[in-house]
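Report on the following structure.
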Amino acid sequence: EGGKKNDKRGPRGGTDGEADSYYDQLKIEMKQRQERSATELEGLDAHTRLRMEGHRPGAYIRLQLRRVPCELSKYFDPSVPILVGGLLPNEERLGYLQARLKKHRWHKKILKNRD
């Protein structure tokens, strides 16, 4: 009668063997896909590789902004970082976004809440 002692559900909600093997299989497929992509892109020059796979996370890029309010340049403080990011179409609905910020070697202050 619904006792927790005899419940055979695993940590992901299904039975132990069923849920674990499904997620493990997905992880294996994703890893194989990443390895195939890496081997195919390995021999390409930097420009072609950049056009095919895009900028990698953590890469430094230069942004050219157009039609921004004059207040941005007027009140711009180079000691305060500007974070730029984007969401995939399926991530645009209301929800939580997990992000991890790392301290940059040139920025001496530790970032705190609302910085």
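Below, the figures for the structure above:
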quantity: Any hit, region 79-87, residues being in a helix (DSSP H, G or I), over 16 Å from the mean Cα position of the chain (by Cα) and surrounded by 10 or more Cβ atoms within 10 Å (Cβ to Cβ); calculated: no
quantity: Among the residues listed as Thr39, Thr48, the single one being among the hydroxyl-bearing types (Ser, Thr, Tyr), loosely packed, with under 10 Cβ neighbours inside 10 Å and modelled with pLDDT of 80 or more; calculated: Thr39
quantity: All positions within region 80-105 that are more than 19 Å from Pro57 (Cβ to Cβ) and modelled with pLDDT of 75 or more; calculated: Val80
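The values are calculated or read from the model by the stated rules, or taken from the named source; none is laboratory data. Just so we're clear, the structure is a prediction, and the values are computed from it rather than from any experiment. Glycine also receives a Cβ, built like all others from the backbone with ideal geometry; neighbour counts cover every protein chain displayed.
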